[in-house]
Amino acid sequence: MARKFKEVPARDLRFHIDPKSLKFDSTAELCPAARGVVGQHRAIEALKFGIGMDDPEYNIYVAGSTDTGATYIARAFLEEVARRKSPPPDWCYVYNFKEPDKPRGLSLASGRGKELKKAMDDLVRVLKSDVPTAFGADDYRYKEQVLRQEFENRRRKLVDALRDKVEAEGFLLQVDPQGVSIIPGKGGKIIPPEELAKFSAEEKKALRNRGDKLSVEMNQSMTEIGRLEAGYLERRKKLDEGVALSIVGKRMQGIFVRFKNHVQVLEYLETVKKDIVEHIDDFRKGSEEKSPQVPVPEMAWSPSPAMNKYSVNVLIDNSETTGAPVIYASNPTYPALFGRVEKEAFFGALVTDFTMIKPGALHEANGGYLVLKSTEILKWYFAWEALKRAVRTKEVKIEDMSEMYGFITTKTLKPEPIPLDVKLVVTGDPYLYELLYIYDDRFKQMFKIKAHLDDQTDRNKTSVSQCIECMARFCEEEGLKHVDRAGIARLIEYSLEVAGNKDKMTLRLGAIGDIIKEANYWASREKTKHININHVEKAIEKKKYRANLVEERVQELIKKDIFWVETGGHKVGQVNGLSILQTGDHVFGKPGRVTANVSMGKEGVITIDRESRLSGKIHTKGVMILSSYLRERFAQDRPLTLTASLCFEQTYGMVEGDSASSAELFALLSAIASEPIAQGIAATGSVSQKGEIQPVGGVTRKIEGFFDICKHKGLTGKQGVIMPNKSVKDLMLKKEVVEAVKKGKFHIYPIKTIEEGVEILTGMRAGKRRKDGVYPKGTLFRLVDDRLRGLAERARDFAKEKQGN
């Protein structure tokens, strides 16, 4: 009678969620769902600590593998925290009246920046109207006329006195636009040159002497007239300033009052007031008569350059911001992070001014949080280095990158640096974090908080509830149909499948989200109200179908016996091993024959794959463990005189890993004992030196891969898989396999030791060494021991014969 071996119960092959256990009919009943994070307790704790540390060195690196949603989680958590904080101040750039090429930065309370801009725009507009009116008023015209008349009268007296004196000396005083001059004359007429030529030498000398004397007096009179004119202009200036101060002071008084709590703004307003008074004529031009002119194209950036300096460039406006800003920079180039000074072509030249300064992500995130993807920021080396420098120095400068690194030096604006208070949150792969930590000295100093995201979490009521709420929120945010009760249950089961463990749910939420989107497509095609289990199942199957072309080709070759896999009968030194193949986004199991040949020799256990350099280091380690196992069990009283070769048949690529080491040992023991192995049973699991079967990964895919081959060739009820007992918890087999196990058409055997596996494969007891060091008769290990003893004896006899000859 055939022996019965322990099998994995059907209930342990797959975790099933009863839709009736859910207390709602669909995810729609959970909306609006609160925005939260599923699992990730370690990462959330790190984020909380990093945010609480007000130190430029305690920035955060969120390390998570693909589809864990590192960026989404970081933003969701930060937005929740930022909502409870006060919005940061506004930042404006204004004209620097002392150094025009260095615009000043002003900090104002949230929402006050645009108030200041509006106030200054209104001021300029009002002054353009009020100033011409004031200077055109009768009172001003009268005072200005009195000053001018007084000046003209005094100047006329000086000129008349000088003219009388000049004429008395025989000269004329000539006044023209080029100035005042003295020329010889008589009777009010100029003496012609030909008449002057008739003068005697003494007359000419006397005329010249009188002329020189009059020139000195004339210069003195002109100096006096210049002094009078300067006095007039000074009094005129004071008059204008008085009028200007009256108008400007009256119009700016309200602005001073509105911004009395902003010291920087008050200082700026004082400089504006002083400059307007000094350049009041710029505002008087509107009253002058407008003569026809050749039309000149206006610059888009400045309809009136003279007035443009009184404008306010609101760099950051937080008037509508609630809480601290959370900014995500998807393309973090240098200008995108640090801002830029735009230029515009005007008559063949590039022109700019402070109103063309544009902010970057650092300005927008100032007072809050800046989220970046490591793979994006590291593409831009200069931006990465400048970002670290800005955070370290706590200021953000708007500079031209080519000028900053000395490539091109041109005259341009140099805006005043703005104080920086930002928390950097960089998301990326854990491996990239390790590389940066090792090779970037500044990185380890600046990113002292690592928020490590897990890719799976324990399955319990809390995590299941959070996962369902996440589904509801995802459907709501993406505008998808909601999922009904049965569909939710299937999605949770799929989460376990992705995690590869019945007790773990995947945190690769992107994978779950993709299935929901694809299921929504099929639900929309059928015009159903909700996504149901059939839509979810179809989405999973179609996703697999799109990616499993290679798997189907491999199975096709196996079914045609091109890749030779036997699923029935018995053979010596041959067993079906199970391996995993991955083609991008698809993983599947591939069965393959493992064979062993044994002969007398001293080379021990060798693998053809290793000798042909088609195996990796981990596989080589597994083979060395086999040799150690044989020595421990069968070479305690004699040397191991054996040459055994192992081979993965029909493999043409790299063999890596030790998950097939148990299958190799089964084939090796079968070859030594000359005892056949059942070909309908495949094996997976690594083995220790003590013969313990250790857990391996991918058992679900391996079992399903072998099951598909057995199903094609015909299920006999004698086929199955040997697997590590400690990997049973990882099983999430498809329903077809579970049904076959229930009906007894397929078997899954959990084993803890090599001895258990040997007995299943050969139907023969393995045997346990007695106190005399001998295995009992009728056991497999006795056959192995006898064969190895015989090989040792023949090797000894051969050595003696060789020495005798």
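Estimated from helices alone, the mean residue ellipticity of the chain at 222 nm is -15000 deg cm²/dmol (sum of -39500 (n - 2.57) over DSSP H runs with n ≥ 4, per residue). Rounded, prolate or oblate: which one fits segment 585-651, using the alpha carbon gyration tensor with axes a ≥ b ≥ c (rounded when a/c is under 1.5, else prolate when a/b beats b/c, else oblate)? Prolate, since a/c reaches 1.5 and a/b exceeds b/c.
From the cross-link list K423/K517; K423/K504; K379/K423, which pairs have alpha carbons spaced over 24 Å apart?
Numbers: K423/K517 34 Å; K423/K504 33 Å; K379/K423 21 Å.
From K423/K517; K423/K504; K379/K423, over 24 Å: K423/K517; K423/K504.
If you wrap the Cα atoms of segment 462-521 in a convex hull and average its projected area over all directions, you get 3.7 nm². Each peptide in 359-367, 62-70, 344-352, 787-795 gets a packing score, the mean of other Cβ atoms within 10 Å over its residues, and the list from highest to lowest is 359-367, 62-70, 787-795, 344-352. Using the 1.4 Å probe convention, the accessible area of the chain works out to 52 Å² per residue with neighbouring protein chains retained.
For segment 56-76 versus segment 535-590, the inter-centroid distance based on Cα atoms is 37 Å. Can you work out the FRET efficiency for the pair N219 and R154, with r the C-beta to C-beta distance and R0 = 25 Å, to the nearest 0.05? Step by step, r from the Cβ atoms, then E = 0.90.
In straight-distance terms, cross-link reach from K213 covers every one of the lysines whose alpha-carbon lies under 17 Å from its own, apart from those fewer than eight places away in the same chain; here that gives K165, K204, K205.
Segment 687-724: which trypsin sites (Lys or Arg not before Pro) are DSSP loop and have at most 13 other beta-carbon atoms within 10 angstrom?
Details: sites: K690, R701, K702, K711, K713, K718; in loops: K690, K718.
Listed in order of number, the matching sites are K690.
The C-alpha atoms of the chain define a longest principal axis, and helix 780-804 lies at about 90 degrees to it. Among the listed values (1) 1.32; (2) 0.99; (3) 0.96, the one matching Rg/Rh (Cα atoms, Kirkwood Rh) as calculated from this structure is (1). The distance linking segment 657-708 with segment 93-141 is 85 Å (Cα centroid to Cα centroid, whole angstrom). Dipole magnitude for the chain: about 3100 debye, using +1 per Lys or Arg Cβ and -1 per Asp or Glu Cβ, origin at the Cα centre. The angle between the Cα long axis of helix 138-168 and the main principal axis of the chain comes to about 50°, on a 0 to 90 degree scale.
With R₀ set to 35 Å, the beta-carbon distance separating L239 from K189 gives a calculated FRET efficiency near 0.20.
Note the angle between two axes, namely the Cα long axis of helix 70-82 and the longest principal axis of the Cα atoms of the chain, as a number of degrees from 0 to 90, rounded to the nearest 10. Taking Cα atoms only, the helix is inclined about 50 degrees.
If I compute solvent accessible area with a 1.4 Å probe over the protein chains, what percent of it on the chain is carbon and sulfur?
Numbers: 21500 of 42110 Å².
On the chain, the fraction of accessible area on carbon and sulfur atoms equals 51 percent.
Could you work out how much longer the chain between C31 and R769 gets when fully extended? Use 0.36 nm per residue separation minus the Cα distance between them, nm to one decimal.
Working: separation 738, 0.36 × 738 = 265.68 nm, distance 6.64 nm.
Residue separation times 0.36 nm, minus the Cα-Cα distance, leaves 259.0 nm.
The values are calculated or read from the model by the stated rules, or taken from the named source; none is laboratory data. Please read all numbers here as calculations on a predicted model, not as lab measurements. Every residue, glycine among them, receives a Cβ derived from its backbone with ideal geometry; neighbour counts consider all protein chains shown. Side chains included, ligands, DNA and RNA excluded: accessible areas come from the protein's heavy atoms. Shrake-Rupley method; radii C 1.70, N 1.55, O 1.52, S 1.80 Å.
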